[in-house]
Amino acid sequence: MIRGVDAHHHFWDTRRVPLPWLRPAHAEIAGPFTPDGLAPELGPAGIDRTILVQSANLAADTDAMLEHARRHAWIAAVVAWLPLREPEHTRERLAELAGEPKVRGVRHLIHDESDPHWILRAPVLESIAFVADRELVLELPAVWPRHLGDVPELARSFPTMTIVIDHLGKPPLGRDGFQDWAHALAFAAAEPNVAAKVSGLNTATDKPDWSAADLEAPLQVAVDAFGPERLLCGSDWPVSLLNNGDYERVWRETRRAVAAAAPEAQELLLAGTATRLYRLSTPEEEVGDGAH
């Protein structure tokens, strides 16, 4: 089994950090979800390292993630939150985080903003310039069709910054619009500094009995558009639990889909691209904490 990098997962405890997006429909993932719950799942799923991604537009969420990352070597990188609508505060927060070596990316929940073009607002772009100067990845939880169309303009504005589209932009699996999504994704992929995560796809379909076969069509579109060197895979745990996506199942079916869509490039999708884009240490360079 190829040892992989889980390029997208979360931890949260709403007793400490509120998640405004949680609704009664999300009761299954109300949590808390912590490293102690995920650590036993990593080894059987073939995962050596992970990238921990923000869950709330709050500095407290970033602080909690960094606490986890300091304690667990297998958390190889953190995607933090910054107050992008406030450039001066963004600059100050970046200075505070400069001493945190595992901060490798930045994300804001743009899909919770009423303005679908929030990411292109002038103050936000000013803040993103600071992010680019720090050579951090910018992640976009883009949701088709609201956000993908803005990615090329953003990428051209910051040509040296890596932009990563989360969850392939949430393709409409089993619904109308798949070809339009595929066209929009390919248009974004035409910019060489744009990459994408193969993650969150089991919750893009309503099928409770989803399998690798349901993931193969969007994955093939992504492989054709980006090539394997700009694709990386993640579990989206614990959000994945909303549609029968326990950790083992997500990785079993993701591996099968990757083997079908890119049989000669499985290592890139499962580990290599994430390691390169997020400048991850190898497992040998980390001091283990007994979690594997």
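The values are calculated or read from the model by the stated rules, or taken from the named source; none is laboratory data. In this text the structure is predicted, and so the values were computed from the model without any measurement. Quick reminder, even Gly has a Cβ in these numbers, built from the backbone with ideal geometry, and neighbours come from all protein chains shown.
What to note about this one:
- Taking the criterion of being within 27 Å of GLY31 (Cβ to Cβ), buried (at least 17 other Cβ atoms within 10 Å of the Cβ) and of a type in the set (D, E, K, R), the residues of the stretch 199-240 that qualify are ASP214, ASP236.
- Residue in the stretch 263-282 that is surrounded by fewer than 22 Cβ atoms within 10 Å (Cβ to Cβ) and modelled with pLDDT under 95 present: yes
- Filter pass, GLU191 being in a helix (DSSP H, G or I) and either buried (at least 22 other Cβ atoms within 10 Å of the Cβ) or modelled with pLDDT of 95 or more (or both): no
- Residues that are surrounded by 14 or more Cβ atoms within 10 Å (Cβ to Cβ) and in a helix (DSSP H, G or I) within the stretch 1-35 comprise HIS26, ILE29, PRO35, listed in sequence order.
- Residue pairs whose Cβ atoms lie under 6 Å apart, sitting 6 or more positions apart in sequence or on different chains, and linking a residue in the stretch 80-92 that is in a helix (DSSP H, G or I) to a partner that is among the small types (Gly, Ala, Ser), are PRO87/SER127; THR90/SER127.
- Residue match in the stretch 64-75 (condition: part of a helix (DSSP H, G or I), within 22 Å of PRO20 (Cα to Cα) and touching a Ser or Thr at 6+ places or on another chain (Cβ under 6 Å)): no
- Looking only at the stretch 26-53, and only at residues there that are hydrophobic (A, V, I, L, M, F, W, C) and free of Cβ contacts under 8 Å to residues at least 24 places away in the same chain, the one that is nearest to TRP81 (Cα to Cα): ALA30
- Residues (of a type in the set (A, V, I, L, M) and over 27 Å from ARG23 (Cβ atoms)) located in the stretch 97-124: LEU97, ALA98, VAL103, LEU120, ALA122
- Residues satisfying the stated conditions in the stretch 228-243, i.e. small (Gly, Ala, Ser) and either in a loop (DSSP other than H, G, I, E, B) or more than 12 Å from HIS8 (Cβ to Cβ) (or both): GLY234, SER235
- Condition check for VAL5: β-branched (Val, Ile, Thr), over 14 Å from ILE75 (Cα atoms) and in contact with a Ser or Thr (Cβ under 9 Å, 6 or more places away or on another chain): no
- Test: residue in the stretch 127-141 that is within 21 Å of ASP166 (Cβ to Cβ), of a type in the set (Asp, Glu) and in contact with a strand residue (DSSP E or B) (Cβ under 8 Å, 6 or more places away or on another chain): yes
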